[in-house]
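Notes for the one structure printed next.
The values are calculated or read from the model by the stated rules, or taken from the named source; none is laboratory data. What you are looking at is a predicted structure, and each value in this text was computed from that prediction instead of being measured. Note: ideal-geometry Cβ built from the backbone for every residue, glycine included; neighbour counts use all protein chains shown. All accessible areas refer to the heavy atoms of the entire protein, side chains included, with ligands and DNA or RNA removed. Shrake-Rupley method; radii C 1.70, N 1.55, O 1.52, S 1.80 Å.
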Amino acid sequence: MTAFLVRRISLSIVILFIVSIMLFLMLHMIPGDPTVVALGPRSTPEMREAFRVMMGLDRPLVEQIGSYLMRLAELDLGQDVWSRRPVTEMVLDVLPFTVTLAFTSFTWAVGLGTILGCTAVIHHGRWPDWLIGIFSVGMVAVPSFVVALYSLLIFAVALNWLPAIGAGEPGDIGSQVRALILPSLAIGLGWVGYVARIIRAAMIEAMGESHIRTLRAFGVSEFRIVYGYALKQAFLAALPVIAIGFSGLLTGSVFAEIVFTRPGLGKLTYDSVMSRNYPLVMGTVLVTCALYVTCMIIADIIAAILDPRVRSAL
């Protein structure tokens, strides 16, 4: 298990290193003078030169990359162009909001999707299976922005049941939970359909295994076979896709945080792009990539715990 973890973590470090280099080079290849973009067209040459020196843009590219990587090794993501606050501090301030939103969406989407998938397997080939199939495809097909806008109009504007914007009052758990409902619905509904279809397909394959037929021969109930035996095997097969789904919810929270005016990593990334705040853009993108890689490592660890054969395969 130790060798397995070392391999996965080493691979993740290499991935983050490559992403860091590519991100740095891509931002430097953007056309135009970054000092003009940052300071505006009315800035004087003296102001631009001072800004260039302050940001280290006057040094050779290789030296800039080396300095950039050295800072990353110390978990220093640089400074915000405008407020001069450390980017790491700004990211850590909003990261809990994004993780909470993604985890909430992920939890209810996987839970409901698993129940629908198992129900479809129990009634395989009958009308509940067909109805769940139509419902699942419909949820996948509906774009997140449509769900967000209509839920906003119905539950926040027309019925006035839930808040339209914000993350709730600080210290008020009830207010924060109510503020989570609409954003988590917007980004999690599509994943209910995905999870239901994945679990259904994996469980149908698992139900054809010889040990399942043996259980049926011994008179074990179908409910116990589905939820007690086949679900574990199906979940193991679906785990990588589910992990990618959680990572997708982290990145998909950008839309929900903008529409519902929630603080978070997505909204911070959007604001930094719109203001051409390149240090903040790089910091938020790198943290998002790190979260994505971390989710995949956790999924591999869970898979290795559930099935020791995975350790030698990965």
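Points to keep in mind about this one:
- Residue check, I199 of a type in the set (A, V, I, L, M) and either open to solvent by less than 10 Å² (accessible area, probe 1.4 Å) or on the phi > 0 side of the Ramachandran plot (or both): yes
- Taking the listed residues A206, A158, the one that is open to solvent by less than 80 Å² (accessible area, probe 1.4 Å), in contact with a helix residue (DSSP H, G or I) (Cβ under 7 Å, 6 or more places away or on another chain) and of a type outside the set (S, T, N, Q) is A206, with no other qualifying.
- Helices (runs of 4 or more DSSP H) wholly inside the range 40-150 containing at least 3 residues that are modelled with pLDDT of 80 or more: 61-73, 87-122, 127-141
- Test for A256: is it part of a helix (DSSP H, G or I) and touching a Lys or Arg at 6+ places or on another chain (Cβ under 8 Å): yes
- Any hit, the range 174-189, residues being part of a helix (DSSP H, G or I), among the β-branched types (V, I, T) and open to solvent by less than 40 Å² (accessible area, probe 1.4 Å): yes
- Candidates A299, A290, filtered to the one that is open to solvent by less than 50 Å² (accessible area, probe 1.4 Å), among the hydrophobic types (A, V, I, L, M, F, W, C) and modelled with pLDDT under 80: A299
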